Amino acid sequence: MLPRVVVFNEMSVDGRITGFNVDMGRYYGLAARWEADAMLSGSNTLLDAYGPEESLEEAGSAFEPPARDPEDRRLLLVVVDGRGRLRSWSRLRQEPYWRDVIALCSRATPQSHLDYLRARHIETIVAGKEQVDLRAALEELNARYGVKLVRVDSGGTLNGALLRAGLVTEVSVLVNPCLVGGATPLTLFQATDPARPEDVIPLKLIHVEQVADAALWLRYEVAG
């Protein structure tokens, strides 16, 4: 069974998702309202945030099986990393936000990277031949870990792949009261141009809320 998938991003009035200051407390305060079981990110997002490969000293106890508490209700962090580029798993595990981490890989992911993950006791789902099959991976998250609601915290590329595959239930946008400008904007939905008018994804407005005086929170159900 597919879990519900919610895409949530903050953007400027002119549609940018970078280039302006974000109130992280406000953003994640709203994000917590979904009470999601898992947070899904792309490897690019986490490489930007957590940097390059860890040294063995930084990895510390990564080679020991992690202690797991069945009563822990924090999110699972799930990372799409078919090319096996993310090497900062110990740093991610040390964060207080998530109870554990899961890597999504494909059959084309280098075996050396799968061995790297196994040595560090990183839970791994292998789905897809040349790239990660997002539908199959989401179904496995539900079957193996009981994940019923996934919140996507990532950039436009992963959002676009999920939307084009018809896997998104809700699109949520926090509109920051600013204008950024620029000729090459990064937006919350980056994908190939629609070939036909019917390829445009229709949305149904389900919630509008003014937040912190001037920001606007918009929630849309994917109508298609």
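Bear in mind that the values in this text are calculations on the coordinates, not laboratory data. Every value quoted in this text rests on a predicted model; they were computed, and no experiment measured them. Neighbour counts are summed over all protein chains in view; Cβ atoms, including those assigned to glycine, are modelled from backbone coordinates with ideal geometry.
Counting neighbouring beta carbons within 10 Å and listing from fewest to most, the residues 121, 113, 207 come out as 207, 121, 113.
Diffusion coefficient (Stokes-Einstein, Kirkwood radius over C-alpha pairs, 4 °C, 1.567 mPa s) for the chain: 70 µm²/s, rounded to a whole number. Net charge of the neighbourhood of residue 169, taken over other residues with C-beta under 12 Å away and scored Lys/Arg +1, Asp/Glu -1, is +3.
In a reduced charge model with +1 at each Lys and Arg Cβ and -1 at each Asp and Glu Cβ, the range 38-147 shows a dipole moment near 260 debye about its Cα centre.
Highest GNM mean-square fluctuation among 153, 14, 48, for the chain modelled with Cα contacts below 10 Å: 48. One quarter of the convex hull surface built on the alpha carbon atoms of the range 79-169 amounts to 6.0 nm², the projected area averaged over directions.
Among 67, 161, 119, the residue with the largest mean-square fluctuation in a Gaussian network model of the chain, with springs joining Cα atoms closer than 10 Å, is 67. Connecting C-alpha atoms closer than 10 Å in a GNM of the chain, tell me which of 211, 101, 175 has the biggest fluctuation. Maximum fluctuation in the GNM of the chain, among the listed residues, is at 211. Exposure proxy for 6, 13: other Cβ atoms within 10 Å of each Cβ, ordered fewest to most, give 13, 6. Per-peptide packing, taken as the mean over residues of other Cβ atoms within 10 Å, places 178-190, 123-135 in the sequence 123-135, 178-190 from highest down. Between the beta carbons of residue 72 and residue 192, assuming R0 = 41 Å, the FRET efficiency works out to 0.55 to the nearest 0.05. Local charge for residue 105 was computed over the other residues whose Cβ lies under 13 Å away, with Lys and Arg +1 and Asp and Glu -1, and equals -1. Applying 1/(1 + (r/R0)^6) with R0 = 22 Å to the Cβ-Cβ distance of residue 200 and residue 169 gives a FRET efficiency near 0.80.
Kyte-Doolittle mean at least -1.0 and Cα extent at least 20 Å along the axis: which DSSP H helices of the chain qualify? What comes out of the filter, once short or polar helices are dropped, is none.
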